[in-house]
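One structure is given here, and the rest of the page talks about it.
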Amino acid sequence: MKFIELFAGIGGFRYGLENVGFYYNNGQAKMHFKCVWANEIDKYACQIYRKNYREGELYEGDIAKVNTDDIPDGWTEFGTEGKISDTQRYKCCGNAIVVAVVKEVVSRLIISKYK
């Protein structure tokens, strides 16, 4: 399963998902989480993050200034298992992060993009 890591710090959330490495799909355990994009504003945390993970997917800076076109498409799709339904995708995202927080972050991104 692909995911993005907002307010990444040094990558602890990513470390946990990628090292535990399993999720359930239709009652069967599957083994793969892949971070496709991350964001962190603290330059020292970014230095550690880059030492621990490949450099390409980390956006260093204020999340309010993120260009949403820079976030990879399809980050909520399963990797090798194919696509999931919109209902299942919503459930996975809802279980992972609070919907109200996501709504607020996205609304601020949209507002900042059109200022």
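Listed here are the helices (runs of 4 or more DSSP H) enclosed by the chain that have at least 2 residues being modelled with pLDDT of 70 or more: 12-20, 43-52, 99-113. Pairs are defined by a Cβ separation below 7 Å, a sequence spacing of at least 6 or placement on different chains, a first member in region 41-65 that is surrounded by fewer than 16 Cβ atoms within 10 Å (Cβ to Cβ), and a second member that is among the basic types (Lys, Arg) and modelled with pLDDT under 90; the pairs so defined are 64/108.
The values are calculated or read from the model by the stated rules, or taken from the named source; none is laboratory data. All values reported here derive from a predicted model rather than from experimental measurement. Note that each Cβ is placed from the backbone with ideal geometry, even for glycine, and that neighbours are counted across all protein chains shown.
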